1. Here are some residues: N101, N90. Which one is touching a helix residue (DSSP H, G or I) at 6+ places or on another chain (Cβ under 8 Å) and at pLDDT 95 or above?
2. When you scan segment 49-69, how many residues do you find that are more than 17 Å from F88 (Cβ to Cβ) and touching a residue at least 24 places away in the same chain (Cβ under 8 Å)?
3. Could you grab the pairs with beta carbons closer than 7 Å, sequence gap of 6+ or different chains, first residue in segment 70-84 and closer than 13 Å to R21 by Cα, second one of a type in the set (S, T, N, Q) and assigned to a strand (DSSP E or B)?
4. Suppose we filter segment 87-117 for residues that are over 21 Å from A64 (Cβ atoms), of a type in the set (F, W, Y) and in contact (Cβ under 8 Å) with a residue 12 or more places away in the chain; how many remain?
5. How many residues does segment 29-46 contain that are among the hydrophobic types (A, V, I, L, M, F, W, C) and outside any strand (DSSP E or B)?
6. Any residue at all in segment 65-83 that's of a type in the set (A, V, I, L, M), modelled with pLDDT of 95 or more and not in a helix (DSSP H, G or I)?
7. I'm checking my understanding of the structure. Among residues of segment 10-22 that are aliphatic (A, V, I, L, M) and out of contact with any Leu (no Cβ under 6 Å at 6 or more places or on another chain), which one is surrounded by the fewest Cβ atoms within 10 Å (Cβ to Cβ)?
8. Any idea how many residues of segment 23-47 are closer than 18 Å to I109 by Cβ and either under 12 Å from the mean Cα position of the chain (by Cα) or buried (at least 19 other Cβ atoms within 10 Å of the Cβ) (or both)?
Amino acid sequence: MQILGESQVDDLINKIKEIARRNPHGFTVYLDDLRPVTSGWSVALKETQNSHGDDGLKHVLAIANAKTGIVGGWREDGKFWWDAVLIFDNEEEATIAGHQNEQIAIYYIEKNYVKFL
């Protein structure tokens, strides 16, 4: 996928942290232009679980840059958590991907609905 060049990473980290600050309950954005993802089922990738802080965000950006082009985050327990995200139009496919990625839940963006797996 390779959307980002190395020189863009620090600037992108600051922009995503600002988006997170304004949206502490959660957000999902496309890496190429940081516009919000507004539809579909959001499924986090297993390899970015438990990513937090600047180092976690750098890890998530590297994975998202290589695989999905989409990142998400939210604030919990006093810190921001980051994920590289897959988006599905179909609940069944999202549920399967959630199980494959060992997720405890997936998120339906349009309805603000968390489906526990």
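1. Details: N90 fails: touching a helix residue (DSSP H, G or I) at 6+ places or on another chain (Cβ under 8 Å).
Criteria check complete, one pass: N101.
2. Filtering segment 49-69 for residues more than 17 Å from F88 (Cβ to Cβ) gives 49-63, 65-66.
Then keep just the ones that are touching a residue at least 24 places away in the same chain (Cβ under 8 Å); that gives 49-54, 56-58, 60-61, 65-66.
The qualifying residues number 13.
3. G72/T28; G72/S42; W81/S51; W82/S51
4. Counting residues in segment 87-117 that are over 21 Å from A64 (Cβ atoms), of a type in the set (F, W, Y) and in contact (Cβ under 8 Å) with a residue 12 or more places away in the chain gives 1.
5. Kept after step one, since they are among the hydrophobic types (A, V, I, L, M, F, W, C), are these residues of segment 29-46: 29, 31, 34, 37, 41, 43-45.
Of the ones still in play, those that are also outside any strand (DSSP E or B) are 31, 34, 37, 45.
Residues that pass the stated criteria total 4.
6. Within segment 65-83, one or more residues are of a type in the set (A, V, I, L, M), modelled with pLDDT of 95 or more and not in a helix (DSSP H, G or I).
7. Of segment 10-22, the ones aliphatic (A, V, I, L, M) are 12-13, 16, 19-20.
Still in the running and out of contact with any Leu (no Cβ under 6 Å at 6 or more places or on another chain): 12, 16, 19-20.
Numbers: L12: 18, I16: 22, I19: 16, A20: 21.
Here the answer is I19.
8. 15
The values are calculated or read from the model by the stated rules, or taken from the named source; none is laboratory data. Keep in mind that what you see is a predicted model, and the values were worked out from it rather than measured. With ideal geometry, Cβ positions are generated from the backbone for all residues, glycine too; neighbour counts draw on all protein chains shown.
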